[in-house]
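Worksheet: the structure to be examined is printed underneath.
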Amino acid sequence: MREGNACLLETDFPAQPGQSGGPVLNADGVVVGLTSRNTVWEDMGNLETGLATSHAAIARFLNLQREEKQ
């Protein structure tokens, strides 16, 4: 899912308060993103899922920040 320039991953668990920023791991235990927020799909019976910012989007952001400081 893309929102602006950020690439979001949909997770099968909604984040609880205080969990945003926590790591999202794949089946091999590798960090693939950071928990961002929840969304509710009203057209699917109020199904709540979590969204995470992908590690690739985070890496792009950090690289841009480094380039701006140089």
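The values are calculated or read from the model by the stated rules, or taken from the named source; none is laboratory data. Every value quoted in this text rests on a predicted model; they were computed, and no experiment measured them. So basically every Cβ, Gly included, is an ideal-geometry build from the backbone, and we count neighbours across all protein chains shown. Heavy atoms of the whole protein, side chains included, go into the accessibility calculation; ligands, DNA and RNA do not. Shrake-Rupley method; radii C 1.70, N 1.55, O 1.52, S 1.80 Å.
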field: Subset of the stretch 17-35 [in a strand (DSSP E or B) and open to solvent by 50 Å² or more (accessible area, probe 1.4 Å)]
entry: Pro23, Leu25, Val31, Leu34
- request: Could you list all residues from the stretch 36-61 that are loosely packed, with under 10 Cβ neighbours inside 10 Å and in a helix (DSSP H, G or I)?
  value: Glu42, Asp43, Met44
task: Specify which of the listed residues (Ala27, Ala52) is modelled with pLDDT of 80 or more and either under 11 Å from the mean Cα position of the chain (by Cα) or of a type in the set (Val, Ile, Thr) (or both).
output: Ala52
query: Give me the pairs: first residue in the stretch 6-32 and within 15 Å of Glu48 (Cα to Cα), second residue part of a loop (DSSP other than H, G, I, E, B) and open to solvent by 80 Å² or more (accessible area, probe 1.4 Å), beta-carbon distance under 9 Å, and six or more apart or on different chains, which are they?
result: Leu9/Met1; Glu10/Met1
message: Could you check the stretch 1-16 and list, in sequence order, the residues that are assigned to a strand (DSSP E or B) and either open to solvent by less than 100 Å² (accessible area, probe 1.4 Å) or at pLDDT 80 or above (or both)?
response: Glu3, Ala6, Cys7, Leu8, Leu9, Glu10, Thr11
